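Peer 1: Can you read through this structure? Questions will come right after.
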Ligand SMILES: Nc1ncnc2c1ncn2[C@@H]1O[C@H](COP(=O)(O)OP(=O)(O)OP(=O)(O)O)[C@@H](O)[C@H]1O
């Protein structure tokens, strides 16, 4: 199973929303990370056929998805960002409605809906109106509808947005479980949601692919590039001018524990190598002042 982007670009008048994007995806979770306006929605909309690329092509197992048309849509599941759900529908009615839109027969829909309500732990709440659902339950019913056609490729647009920590863990474990035999694209702003479940992370910045690799490789490439020191508070500005600061933690004694990115150990103060995490990579990549590429 392979989905390939070949030099895909999308322009809107004066904006390049996606710039020559190429990548191959196989089974597993791909985290799509990037700040507002990076091009994540554009990428997802091109896959789902909501918009057409200005140039380049997308291939499903070597065939252009535009040529495959409905055949490709039949193997695609899409979970949009949480919007106004049908508040007066019960969970079960909503799934019946979505099954009808997707063209499932009554027989197929009946079996699938029971299965998905169980899979998403919503069977007890199947008779409740969506208007009464918590954020986590809404995310689960949206995921359930995206799985109605048993998709081989699944797009999840911020599936953990607005959830409390317990719900976040539950949703991401669930996504991890269902990703074994699917290509899953998980768009998010929240690094901690994907660090343990992503096969690869795709970092997008201003429509361009900045980095695509496994979390392990990304972290390994960062080792000995993050440095930690305790500094007097009034030195912070000077440090900021010299280095990309990934984190600042005030200490009880009034000093600051500062983490910076640098190819080599900084000279001033006493620095020790810190254990990198993906959040520091994100901060580094998307800090407008950082032009140095430490992933070379
Ligand atoms: N219909 C449109 N018309 C004009 N410009 C657009 C349109 N849709 C997106 N853009 C622009 O394309 C760029 C990429 O937008 P996109 O929505 O893909 O980013 P995003 O990463 O999904 O952002 P967010 O995290 O805020 O959802 C942005 O500069 C945006 O303003």
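A short reminder: the numbers here are calculations on the coordinates, not readings from a lab. Note that the structure is a prediction, hence the values are computed from the model and not measured. For neighbour counting, all protein chains shown are included, and Cβ atoms are generated from backbone atoms with ideal geometry for every residue, glycine included.
Peer 1: Could I get the Rg over Rh figure for the chain? Both from C-alpha atoms, Rh via Kirkwood, rounded to two places.
Peer 2: 1.04
Peer 1: A further question follows. Could you check which residue among 21, 269, 286 shows the biggest mean-square fluctuation in a GNM of the chain with a 10 Å Cα cutoff?
Peer 2: Looking only at 21, 269, 286, the biggest GNM fluctuation is shown by 269.
Peer 1: Could you calculate the contour length gain from residue 101 to residue 242, that is, 0.36 nm times the residue separation minus the distance between their Cα atoms, to one decimal place in nm?
Peer 2: 45.1 nm
Peer 1: Suppose only helical runs count, i.e. DSSP H with n ≥ 4. What mean residue ellipticity at 222 nm does that imply for the chain under -39500 (n - 2.57) per run, divided by all residues and rounded to the nearest 500 deg cm²/dmol? Intermediate results must be reported in sequence, preceding the final value.
Peer 2: Working: 10 runs with 93 residues, N = 296.
Calculated at 222 nm, the ellipticity per residue is -9000 deg cm²/dmol.
Peer 1: By count of other Cβ within 10 Å, fewest leading, how are 246, 181 ordered? Before the final figure, lay out the partial values.
Peer 2: Working: 246 24, 181 10.
Placing the least packed residue first, the sequence is 181, 246.
Peer 1: Let me see the P(r) profile for the stretch 144-296: every Cα-Cα distance counted, bins of 10 Å, each bin given as a percent of all pairs.
Peer 2: 10, 33, 29, 19, 7, 2
Peer 1: So what is the relative contact order for the chain, in percent, with contacts set as C-alpha pairs under 8 Å and at least six apart?
Peer 2: 20
Peer 1: How would the stretch 93-142 be classified by its alpha-carbon gyration tensor: rounded, prolate or oblate, with rounded meaning a/c under 1.5 and the a/b versus b/c comparison settling the rest?
Peer 2: prolate
Peer 1: Same structure, new question: Where does helix 106-119 land angle-wise versus the long Cα axis of the chain, in degrees 0 to 90, nearest 10?
Peer 2: On a 0 to 90 degree scale, this one is about 30.
Peer 1: Turning to a different aspect of this structure: Compute the acute angle (0 to 90°) between the alpha-carbon long axis of helix 91-101 and the principal axis of greatest extent of the alpha-carbon atoms of the chain; round to the nearest 10°.
Peer 2: Compared with the principal axis, the helix lies near 80 degrees.
Peer 1: Where does each of 184, 8, 190 land when they are ranked from fewest to most other beta-carbon atoms within 10 angstrom?
Peer 2: Ascending Cβ contact count within 10 Å gives the list 190, 8, 184.
Peer 1: A further question on this structure: Pick from 50, 277, 19 the residue whose mean-square fluctuation is largest in a GNM of the chain, springs joining Cα atoms under 10 Å.
Peer 2: Its mean-square fluctuation being the largest, the pick is 50.
Peer 1: Moving on. Relative contact order for the stretch 144-204: what is it in percent, counting Cα pairs under 8 Å that are at least 6 residues apart? Could you put the intermediate results ahead of the total?
Peer 2: Numbers: 46 pairs, mean separation 25.6, N = 61.
This gives 42 percent for the stretch 144-204.
Peer 1: What is the fewest-to-most order of 213, 253, 268 by other Cβ atoms lying within 10 Å of their Cβ?
Peer 2: Exposure proxy ranking, most exposed first: 253, 268, 213.
Peer 1: Moving on to the next point. Sort 91-97, 122-128, 258-264, 153-159 by packing, meaning the average of other beta carbons within 10 Å per residue, with the highest value first. Walk me through the numbers before you get to the answer.
Peer 2: Values: 91-97: 20.6, 122-128: 15.0, 258-264: 18.3, 153-159: 23.1.
Top of the packing list down: 153-159, 91-97, 258-264, 122-128.
Peer 1: Antiparallel as a % of all DSSP beta bridges within the chain, to the nearest 5?
Peer 2: 65
Peer 1: On C-alpha positions alone, give me the angle between the axis of helix 165-178 and the longest principal axis of the chain, in degrees, nearest 10.
Peer 2: On a 0 to 90 degree scale, this one is about 60.
Peer 1: Determine the relative contact order of the stretch 1-99: mean sequence separation of Cα pairs under 8 Å and six or more apart, normalised by residue count, in whole percent.
Peer 2: Reported as a whole number, the value is 29 percent.
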